Each structure stands twice: as C-alpha cells, then as structure tokens.
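Below is one structure, written out as structure tokens; the observations come after it.
The values are calculated or read from the model by the stated rules, or taken from the named source; none is laboratory data. Computed from a predicted structure; not experimentally measured. Neighbour counts are summed over all protein chains in view; Cβ atoms, including those assigned to glycine, are modelled from backbone coordinates with ideal geometry.
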C-alpha cells in the first residue's frame, strides 16, 4: 500500500549545470497536454490499484520545476490531483519551487490547491557561485519569496543548500549558512555536489575545466553544517536533512523507511505492490502510452526478499534514529542480528555504528562515510 505520491513536472525555464533529472526547456513544450496526461495516468493507476491509494499521507510535486507552470496550469494540475488521489489522509503536500518564479499568483494557486509545504532551491547565497552552477535567482528573490510565502499562509518552508561547489571556499559556505539561519525556517536540506553523467558539470569535469574543493574540505564543510544546525536548534534527522521539532519531511521518510509510493509523470519512479518501476522519460513516449490507455512504465522489477532486506538497511541507516530491531523483525520475521550480526559488530568496532537494544544507527563519524557503511550490507543471494 502506497504511503506517498510523487508527481514529476519536467519543465524548466533554466537548466542547472549539476542537474541530471528528467527535464526539458519550458518553451514550445506541450505543457497543457502534459498536465491532462498526468490526470489520465493518475486515473489509470488508481483504477488498476484501488487498494494501494487508500492511505496516502503525502504528495510531492517535483521536477524539473513545478513553479515553471503558470498560475492557471498549477490550478488545473492541483484540481486533477484532488480528483484522482484520495486526500483524506494527506497531511503533507509539498511543491518544489524556484525563488525567482514563485509569483504571488502562483503562491495563491498552490496554497488554495492544498499545498502546505514549499521546498525552495536556494543552493547558495553567493551570487558568483549561483552563476557558476546555472541558477538565475538573486538573494533578494529568496528574501521576498519567503516573506510572501509567510504572508500567503505557508508555515512550512524548506530550502535546499549545496556545498562542495566549484571554487567554493569555507568562508562562502559559512556565510551561506549564516544567511540561511537568519530566515528562521523550520527545515533545511543540504547536499554535497555530485557530478553526475549527462550534466554540464560532467562535461566540464571530463575536460579538466571544473575545479572542485578537495574531499577534506568537503568533509570539513559537512562538519560545520552539522555543528551549525545543532547550535541553531535544528535536529539532524537524516544525513542531509535538518528540522525543528515536528517539521521533518514525512514524504522523504517514506523513502528512507522503505515504504511504497506511487510515481506519476515522465521519468518518475515508484514502488507499488513490491514492484519498483520507472516511467518513460521522453514526453512523446510517456504521453502516447497514457493516451493508448496504458500505464507509461518503461521498466519494472519485482524486489526480491534479499533486496528488500538490503534496502531496509542502507535506506534506514540514512536516518539519524537508524533501524529499530523490532521494525526489522516484524518485517522480515527474523532478528536483524541473525543476518547482519558480523557486519554490525565490525562497524561498531570501527566506530561507524552504534548498537543498543533499540537498534542500530550511524555514529557522527559514520555519517562522513555513509556510502561505505551502506555497502557493507549488500549481500548476495
């Protein structure tokens, strides 16, 4: 049974240099037709899997950039969502947003359509760095948009920040954090730059034209991030996410708790009835499939029990609270230590895991090498 719904809006007015998500320049795209197709896909899925959509807790509009849509387009999209997705249990409805696109009309369209959480891509408060990574907003856009969001009625606003950016110094990072905290927001996400294939940065990196901070500097930036978040009263509830009490993202926790969710839109991913799937990415392939009355699935995979266990471990360890013995045993009908005892004992000795009667979790030291820890739990059948 799905706990969440992810809806992909693949349109952008500007493509960021680091982005590897499925996206298209907004101009000359069939945006209205795409929105109607989303409605048809939701209708098909909820008709095919009615029992999977009875307890939806969260909806997340991602991209691309949902706020690339006009107020009328947003209003239509949100109406379609409310038509096909049961809203009775939904407590969190998030939309991603760009600070320079979120006009008052769009803000009202989102708020009136049921969205109660905004996740804004700020990345940095250094104007030169913003230009380097392909962002088009200014700091003034951020300040004005957040003030407007509060005026419209949004109480739950999060911003994304990035570190390890090309040429970024520790001073720039500390300055960005200082400016972020001054906004007094309930939630922050902060990610290190990963140079992904098929991005502008990847091409620059391959040509030796991308100057990145060293791994040691990046680790120091992460260290400062954790210290500063804690000193400003924000709980680190996941490797890259920090929140005031009661403001942790429910939608993201669905992923980390290895629970099921539906994914709608071109290139979206989902996990329903034990099957992980991904939709066609190209707009025409996606829309043609739905128009023919088919779910637009490009590939799917029935997750084996071994894979479920592995996912439970490496996703769950992203959370600061880690993985509870009771939850693991309830799900897999055996104690966690039966299968992973040796690995857990080894990682505890190395100072990367804590282990007690409640469960296991990364130590502070372990958060710096999370991926290396996660790999220890990948077993062969």
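Structure summary
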| item | result |
| --- | --- |
| Residue satisfying all of: in the range 268-293; buried (at least 19 other Cβ atoms within 10 Å of the Cβ) and in contact with a helix residue (DSSP H, G or I) (Cβ under 8 Å, 6 or more places away or on another chain); farthest from residue 54 (Cα to Cα) among these | 283 |
| Residue 348 vs. criteria in contact with a helix residue (DSSP H, G or I) (Cβ under 6 Å, 6 or more places away or on another chain) and either crowded, with 18+ Cβ neighbours inside 10 Å or part of a helix (DSSP H, G or I) (or both) | no |
| Helices (runs of 4 or more DSSP H) wholly inside the range 133-213 containing at least 3 residues that are touching a helix residue (DSSP H, G or I) at 6+ places or on another chain (Cβ under 7 Å) and either free of Cβ contacts under 8 Å to residues at least 12 places away in the same chain or closer than 25 Å to residue 248 by Cα (or both) | 139-152, 170-181 |
| Lone qualifier among 127, 168 - being assigned by TED's automatic domain parsing to the domain that holds residue 234, out of contact with any strand residue (DSSP E or B) (no Cβ under 6 Å at 6 or more places or on another chain) and buried (at least 17 other Cβ atoms within 10 Å of the Cβ) | 168 |
| Sole residue being under 30 Å from residue 227 (Cβ atoms), in contact with a strand residue (DSSP E or B) (Cβ under 8 Å, 6 or more places away or on another chain), surrounded by 15 or more Cβ atoms within 10 Å (Cβ to Cβ) and at pLDDT below 95, chosen from 370, 359 | 370 |
| Test: residue in the range 110-121 that is buried (at least 21 other Cβ atoms within 10 Å of the Cβ) and farther than 18 Å from residue 63 by Cα | no |
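One line per residue, one yes/no per condition, for (1) touching a strand residue (DSSP E or B) at 6+ places or on another chain (Cβ under 7 Å); (2) outside the structural domain of residue 68 (by TED's automatic domain parsing); (3) on the phi > 0 side of the Ramachandran plot:
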| site | (1), (2), (3) |
| --- | --- |
| 153 | no, no, yes |
| 179 | no, no, no |
| 182 | no, no, no |
| 193 | yes, no, no |
